[in-house]
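This report concerns only the one structure given below.
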Amino acid sequence: MAREFRQKIRQKNTDNSGFGDNASGRFINKDGLPNVRRKGVNIFNRFSWYHTMLELSTFNFLSYLVIAYVLVNLFFAFIYYLIGVEHLTGIDKSDPVNEFIDVFFFSSQTFTTVGYGRIAPVGFMASLVATFEAFLGLLTFAIATGLFYGRFSRPRAYLKFSDIALIAPFTDKTALMFRLAPYKNNSLTDAEVTVSAAIEVIENNIKKSNFYTLKTRLNKINTLALNWTIVHVIDEDSPFFGFSDEDFKKTDIEIIVHVRAFDEVFSNTVVQRTSYVSEEIVYGAKFIPMYYPDQEHLSTVLDLDKISHYQQTDLPEFKEEKNK
């Protein structure tokens, strides 16, 4: 049944997905970034370092800054040490360890342009290195400040998606469902979702992926304040019409989700993406409600810990005559 239907819908696939039909692996990672590796250019042209630093998690971003700061000061400390500690006044020369510690902290003071004054360069080479390090420090902290501001001021959707998608009952049919919710106190309006499916098929003994735009029950809402359950009804126009639990497990499927909304605070459009593969689709289940009134019935509680919670349920029996 499902195999025959896949043959039937081949001519209905769309070519506006942005991916080729011979691409392999997951198309969109869970974090919303394309699963693409680029070759043919060197690493400096392959990556946008600004975008990379903005996309890093806060922990990784701060860790890289601290590690880079320590390594730079170690590098200049070795240079000062090779020039000779006699070219730095105020150094504790009791033993080599204390000498290097003083040189390291002199480097950090020069790099940050603090300059406490206890240690100072003497001679041309030490002064030249200190001058260059101070100049490099000014540039580095200007870049770091810009990155901090860029990360702080960058408009983001701050949406949390359910870890899984469900094949759940919907009226007298079944539907593909997943849900999302804002997890910060940002105000999103005019939220719109686009859902597409990549289904792997075999044509002339060659595996390829066909892309289909999935119609959703509601693809736009005025205000995104609570959770939003996206529903794709599996009817005669759906590429999943007639799919059984076994079909979902054996077929390579990826559900690609694209959400666009307007952030009133930033007065800008924000976008977030994610995807679900076959292993992340649960057959015969329904979501558990994740919001409820508070004890005083004065406000609504949105429990984001329950966004992926579901329970097993029976599905309506598939009627073959619908496919005729």
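The values are calculated or read from the model by the stated rules, or taken from the named source; none is laboratory data. What you see is a predicted model, and the numbers here were worked out from it, not measured in a lab. Ideal geometry is used to build each Cβ from the backbone, glycine not excepted, and the neighbour counts take in all protein chains shown. For accessibility, only protein heavy atoms count, side chains too; no ligands or nucleic acids. Shrake-Rupley method; radii C 1.70, N 1.55, O 1.52, S 1.80 Å.
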Review point. Taking strands (runs of 3 or more DSSP E) that fall entirely within the stretch 221-324, which contain at least 1 residues that are charged (D, E, K, R)?
Key: 253-263, 268-277, 285-287
Check your understanding: For the stretch 50-77, which residues satisfy the criterion of being aromatic (Phe, Trp, Tyr) and within 16 Å of the chain's Cα centre (by Cα)?
Key -> Tyr50, Phe59, Phe61
Point to revise | Extreme residue, most open to solvent (accessible area, probe 1.4 Å), among residues of the stretch 177-223 that are closer than 12 Å to Arg260 by Cα, over 20 Å from the mean Cα position of the chain (by Cα) and touching a residue at least 60 places away in the same chain (Cβ under 8 Å) | key: Asp190
Practice item. Sort out for me the helices (runs of 4 or more DSSP H) sitting completely within the stretch 17-107 that have 3 or more residues that are modelled with pLDDT of 85 or more. Key: 49-55, 58-83
Practice item. Could you tell me whether the stretch 120-133 includes any residue that is assigned to a loop (DSSP other than H, G, I, E, B) and either in contact with a helix residue (DSSP H, G or I) (Cβ under 8 Å, 6 or more places away or on another chain) or surrounded by 14 or more Cβ atoms within 10 Å (Cβ to Cβ) (or both)? Key: yes
Exercise for review: Please indicate, with yes or no, whether at least one residue in the stretch 266-281 is modelled with pLDDT under 90 and of a type outside the set (Gly, Ala, Ser).
Suggested key: yes
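Restricting to the stretch 29-45, name every residue that is open to solvent by less than 100 Å² (accessible area, probe 1.4 Å) and more than 24 Å from Thr274 (Cβ to Cβ).
Once the filter is applied, which keeps residues that are open to solvent by less than 100 Å² (accessible area, probe 1.4 Å) and more than 24 Å from Thr274 (Cβ to Cβ), the stretch 29-45 yields Gly40, Val41, Asn42, Ile43.
If you take the residues of the stretch 82-95 that are in contact with a helix residue (DSSP H, G or I) (Cβ under 9 Å, 6 or more places away or on another chain) and open to solvent by 50 Å² or more (accessible area, probe 1.4 Å), which of them is nearest to Val72 (Cα to Cα)? Steps first, answer last, please.
Step one: list which residues in the stretch 82-95 are in contact with a helix residue (DSSP H, G or I) (Cβ under 9 Å, 6 or more places away or on another chain), which gives 83-85, 87-88, 90-93.
Checking which are open to solvent by 50 Å² or more (accessible area, probe 1.4 Å) leaves us with 87, 92-93.
Values: His87: 20, Asp92: 22, Lys93: 23 Å.
In this case the residue turns out to be His87.
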Exercise for review: Tell me, yes or no, whether the stretch 151-164 has at least one residue that is touching a helix residue (DSSP H, G or I) at 6+ places or on another chain (Cβ under 7 Å), assigned by the TED database to the domain that holds Val271 and surrounded by 16 or more Cβ atoms within 10 Å (Cβ to Cβ).
Suggested key: yes
Exercise for review: Please indicate, with yes or no, whether at least one residue in the stretch 110-118 is farther than 18 Å from Thr140 by Cβ, surrounded by fewer than 18 Cβ atoms within 10 Å (Cβ to Cβ) and touching a helix residue (DSSP H, G or I) at 6+ places or on another chain (Cβ under 7 Å).
Suggested key: yes
Check your understanding: Looking at (1) loosely packed, with under 14 Cβ neighbours inside 10 Å; (2) modelled with pLDDT of 90 or more; (3) within 22 Å of Val201 (Cα to Cα), can you tell me which one Val257 breaks?
Key -> (1)
Point to revise | So Ser267, is it in contact with a helix residue (DSSP H, G or I) (Cβ under 7 Å, 6 or more places away or on another chain), surrounded by fewer than 18 Cβ atoms within 10 Å (Cβ to Cβ) and not acidic (Asp, Glu) | key: no
Exercise for review: Find all pairs meeting these conditions: Cβ atoms under 7 angstrom apart; at least six residues apart or on different chains; first residue within the stretch 126-140 and over 11 Å from Thr113 (Cβ atoms); second residue open to solvent by 60 Å² or more (accessible area, probe 1.4 Å) and not acidic (Asp, Glu).
Suggested key: Ala126/His87
Check your understanding: Consider Phe105 against the criteria (1) closer than 30 Å to Tyr276 by Cα; (2) open to solvent by 50 Å² or more (accessible area, probe 1.4 Å): it satisfies all of them except one. Which criterion is unmet?
Key -> (1)
